[in-house]
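Trainee: Pasting in a structure now, in structure tokens, and then I'll have a few things to ask.
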Amino acid sequence: AEHMSPKVMENSDNPQLAETLESYFIAGDAQLTRNFAKATFYSDVRDTLPKLKCPALILQAKADIVVPQKVSEYMAEKLPLAKLVVMDARGHYPQLSAPKLVAQYIHEFVYTVKWKWLTMERKNGQFWHWNANLNSFSLQR
């Protein structure tokens, strides 16, 4: 944790962030952490991404050594209702290094999705559905 935290935080100008992350790693349950890592690094669910039919927000920091931007771009391409935001933030934990920015993007996304889903109408057994990729509604039968 001591060596990994500064690298994944990528915020050398604010070493307290790495210290905070390190304390989270140390305080966590070791078995839970191993299980999470195993599920994360040994699972492949790419074939299920196109089947997901709910809006998804993908937040990507500009500098993240753990998840390259190409991975987020791939997910945004494969998830039918995804929105990718590349944030002006560094590191793999922008919720720690840029919490206000992360909260802003989440708030905007939830508000937009909520408004669009509330405006869907049911007409003659058909639903109007918002398509994030096209940024428009379409008739679903």
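Rule-based calculations on the coordinates, nothing more; no lab input. Here the structure is a predicted model, which means the values were calculated and not measured. Positions of Cβ are generated from backbone atoms using ideal geometry, with glycine treated the same way; all protein chains shown enter the neighbour counts.
Trainee: For labels at residue 114 and residue 42 in the simple 7 Å Cα→Cβ model, what's the distance in nm?
Mentor: Once both label points are built, they end up 4.0 nm from each other.
Trainee: Additional query: Counting only other residues whose beta carbon sits under 12 Å from that of residue 60, what net charge do I get with K and R as +1, D and E as -1?
Mentor: On the way: positive: 62, 70, 83, 90; negative: 64, 73, 88.
Charge balance in the 12 Å sphere: +1.
Trainee: For the residue pair residue 51 and residue 34, what label-to-label distance in nm results when each label sits 7 Å from Cα along the Cα-to-beta-carbon direction?
Mentor: About 3.1 nm separates the two model spin labels.
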